[in-house]
Amino acid sequence: MFDPSLIKDNYKQMSDEQLIHLAKTEGNELSAEALTILHEEFIDRNLNTDVFGTVEDIKEEDRKENQERINEAETNEQQAPTWNYIFDEKRNGSTNEEIYNGLLQREIDKDSATLMISSMEAKAKDILASHEADKLRGLLVCAAGLAITFVTYSAVSTSGGTYVVAWGAIIFGAIRFFKALNNCDKYKEIIEILEQENASSKEELETKTDSL
């Protein structure tokens, strides 16, 4: 629980140098109430309060960064069905033009559709990396469940008693692993298709350039 009197007493016991150092190095991490009390202590001691302008700037930057991360997460969540559509169509052999027209029919604006088409390979690689990490996490959870089961069983086999079978961790980890493994195969296939298309486009461009 926040106690203003304790915070105020703590600041009063600190030297001027300690207060200034606190404001400069940890001011952006203090709560609004603690920062206000610190500011009042500066005023009582006739210390230069310019540092608080810097602290507020840092706090504002932090707020902006946090909001940007929130907005990015919301945008990614909103775009997920669209990206699923794009990659499913690409696996089914649709051309970029067909996918582009399909995006327009899904009420995606032309600029966004063009950007998504041009960034398909980069996006697929990002998603693949995410599934690779998820595959590792699933494997680790499953392995931890097996380890717990093995350790407790080994103890019981020598001293008697009951042992623990960590079914939850084993099953959850295994499901997560195989689900991620399946998604990894899917996006590896998509990336291969995109790389082949890019290579073909590059060859066609070089051929046209050589013929000029």
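The values are calculated or read from the model by the stated rules, or taken from the named source; none is laboratory data. Keep in mind the model is a prediction, meaning the values are calculated, not measured. All Cβ positions, even for glycine, are placed from backbone atoms using ideal geometry, and neighbour counts span all protein chains on display.
Some points to look at:
- Qualifying residue in segment 151-159 (condition: surrounded by 14 or more Cβ atoms within 10 Å (Cβ to Cβ) and touching a residue at least 40 places away in the same chain (Cβ under 8 Å)): no
Per-residue answers, yes or no, for (1) β-branched (Val, Ile, Thr); (2) touching a Phe, Trp or Tyr at 6+ places or on another chain (Cβ under 9 Å):
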position: Thr114; (1), (2): yes, yes
position: Leu139; (1), (2): no, yes
position: Gly145; (1), (2): no, yes
position: Tyr153; (1), (2): no, yes
position: Gly173; (1), (2): no, no
position: Glu192; (1), (2): no, no
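- Residues in segment 105-112 include at least one that is among the β-branched types (Val, Ile, Thr) and either out of contact with any Leu (no Cβ under 9 Å at 6 or more places or on another chain) or modelled with pLDDT under 85 (or both).
- Set side by side, the residues Glu197, Glu204, Glu192 differ, and just one is in a helix (DSSP H, G or I), acidic (Asp, Glu) and over 19 Å from Asn92 (Cα atoms), which is Glu204.
- Residue within segment 124-140 that is within 30 Å of Ile86 (Cα to Cα), among the small types (Gly, Ala, Ser) and buried (at least 16 other Cβ atoms within 10 Å of the Cβ) present: yes
- Residues being assigned to a helix (DSSP H, G or I) and either aliphatic (A, V, I, L, M) or touching a residue at least 24 places away in the same chain (Cβ under 8 Å) (or both) - total across segment 102-130: 15
- Test result for Leu115, closer than 19 Å to Pro81 by Cβ, more than 26 Å from the chain's Cα centre (by Cα), hydrophobic (A, V, I, L, M, F, W, C) and surrounded by fewer than 15 Cβ atoms within 10 Å (Cβ to Cβ): no
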